[in-house]
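What follows is one structure encoded as structure tokens, with my remarks underneath.
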Amino acid sequence: MPDDHLNEEDVFHPRIDWALWRKVLVFAKPYRRWLLALGTLGMLCGLCDAMLPIITGRLVDLIKSDGAHAPVLKYGFFYLSTIAALATFILIFIVVAGRITTGVSYDIRTAAFAKLQELPFSFYDKKAVGWLMARMTSDTSNLSRIMGWALLDLVWGTFILSTIAVIMLRLNWRLALIVLLIVPPLLWICRFFQVRLLLTSRALRKANSHTTAGFNEGIVGVRTSKSLVREEQNLVEFSELTSTMYKHAVSNALYSALFLPLVLAVCSIGVGLAMWRGGLNVLAGEISLGTLIMFLQYAAFVQNPVQELANMLTMIQGAQASAERIVGLLDTDPQIKDSPEVLARIEAHRKNGTPNTAPDGLPDHIETIEFRNVTFSYNENQEVLRNFNLTVHAGQSIALVGPIF
């Protein structure tokens with residue numbers, strides 16, 4: 001099997017093919033209500049997240065104005081109730097997302113296996129068993145995860161960012177614009193590093209597979225290596241493999257080390273700008289101390305939805321190769337198929353016929369099968385049978401063995 005076959009798992013697409021994903025989303029149609037519930041839960045979670053800083057800010061203002069008479073217990077109850085509601089919504093959406101993921105995975109596997117039953121022998125001559133197994137396992141799991149969790153990230157991230165922006169703009173649009181300035185660079189940093197981390201992780205995984213294979217070959221073939229005095233050559237080849245793995249491991253570690261500090265630095269800049277400008281506004285009496293605290297919490301919180309949105313886009317790109325392979329398998333047209341008349345009879349019998357009986361017009365029991373001047377080929381360039389004649393009676397077992405002419 002060619003190397004391209006073995007390295008298919010490491011294909012990465014820089015652009016999202018939405019036409020391809022529309023074909024994949026067909027499998028989500030039976031779960032429209034579950035998807036709607038998941039989107040609703042994502043918005044409710046976003047609403048709860050947005051409410052927490054408001055409760056904190058209002059309580060600070062009340063403590064400052066009313067002192068010991070501030071309704072601390074009441075706001076503490078509001079805060080705990082919001083946390084409890086958030087935890088409940090998270091629990092429910094995990095169940096719903098799991099239901100969608102499991103259902104879509106089941107449907108894709110069933111459709112793919114049904115297609116495999118229709119395909120001719122020539123298809124299996126070109127596709128390795130491992131390739132087919134990967135389609136039924138890892139690719140199917142990748143697509144089913146996208147259906148549930150990517151939708152949740154999209155709805156929650158978009159809703160919470162929009163809600164935070166609207167709340168801050170209503171409170172103080174100048175301070176809100178200062179805080180929101182960190183969103184574009186934060187989105188770019190998250191997107192850039194997550195793509196690089198995905199690419200280096202795949203390269204590292206691929207290099208690790210090659211290194212493991214080389215290590216295994218060196219142990220299994222040790223007698224051959226010693227008999228041919230190949231020890232030095234084996235060491236050189238293995239050193240090249242480990243050097244490649246080392247290079248990718250260092251790149252992955254470097255991106256991992258830079259990612260979080262840069263994200264925290266940008267968020268800290270947002271918090272610092274909010275603290276600087278908001279502090280001046282508090283001193284000038286333009287906003288209250290509670291509003292400033294609210295802005296500071298929102299500035300620190302912006303990182304989470306931005307990071308989830310960038311991660312969602314990276315997930316879709318990372319799973320696009322899986323989508324292409326699954327759709328390609330499902331779109332494969334069998335070279336050998338029943339005639340439309342036979343298919344119509346079978347379908348009519350399936351709906352209206354009696355179980356364990358043959359469709360109308362077909363006998364219940366076949367006594368003889370006869371081939372008359374049959375010519376057959378899997379492709380145009382190589383005939384398997386030419387002017388073939390044979391009569392097979394019930395109870396006979398006949399094998400055809402020989403070269404292809």
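Summary table
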read-out	value
Given (1) farther than 17 Å from Glu308 by Cα; (2) crowded, with 19+ Cβ neighbours inside 10 Å, index of the condition Ile160 fails	(1)
Positions within the stretch 42-54 being without any contact (Cβ under 8 Å) to a residue 60 or more places away in the chain and over 22 Å from Ile287 (Cα atoms), in sequence order	Leu44, Cys48
Filter result (touching a Ser or Thr at 6+ places or on another chain (Cβ under 9 Å), free of Cβ contacts under 8 Å to residues at least 24 places away in the same chain and not in a strand (DSSP E or B)) within the stretch 379-395	none
Of the criteria (1) over 20 Å from Asn304 (Cα atoms); (2) of a type in the set (Ser, Thr, Tyr); (3) open to solvent by less than 80 Å² (accessible area, probe 1.4 Å); (4) under 25 Å from the mean Cα position of the chain (by Cα), which one Tyr75 fails	(4)
Residue within the stretch 64-79 that is under 20 Å from Ile160 (Cβ atoms), part of a helix (DSSP H, G or I) and modelled with pLDDT of 85 or more present	yes
Criterion: open to solvent by less than 50 Å² (accessible area, probe 1.4 Å) and either at positive phi or assigned to a helix (DSSP H, G or I) (or both) - qualifying residue of Leu187, Leu197	Leu197
Test: Gly272 is open to solvent by less than 40 Å² (accessible area, probe 1.4 Å), of a type outside the set (D, E, K, R), closer than 30 Å to Leu175 by Cβ and touching a Leu at 6+ places or on another chain (Cβ under 8 Å)	no
Residues of the stretch 257-309 that turn out to be within 39 Å of the chain's Cα centre (by Cα), within 30 Å of Ser65 (Cβ to Cβ) and among the β-branched types (Val, Ile, Thr), as a count	3
Residue, farthest from Ile160 (Cα to Cα), within the stretch 260-304, restricted to residues that are among the β-branched types (Val, Ile, Thr) and in contact with a Ser or Thr (Cβ under 9 Å, 6 or more places away or on another chain)	Val282
Among the candidates Glu217, Glu232, residue that is part of a helix (DSSP H, G or I), open to solvent by 70 Å² or more (accessible area, probe 1.4 Å) and either small (Gly, Ala, Ser) or under 30 Å from Ala321 (Cα atoms) (or both)	Glu217
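The values are calculated or read from the model by the stated rules, or taken from the named source; none is laboratory data. Being a predicted model, the structure only gives us computed values, none of them experimental. All Cβ positions, even for glycine, are placed from backbone atoms using ideal geometry, and neighbour counts span all protein chains on display. Protein only, heavy atoms only, side chains kept; ligands, DNA and RNA dropped before computing areas. Shrake-Rupley method; radii C 1.70, N 1.55, O 1.52, S 1.80 Å.
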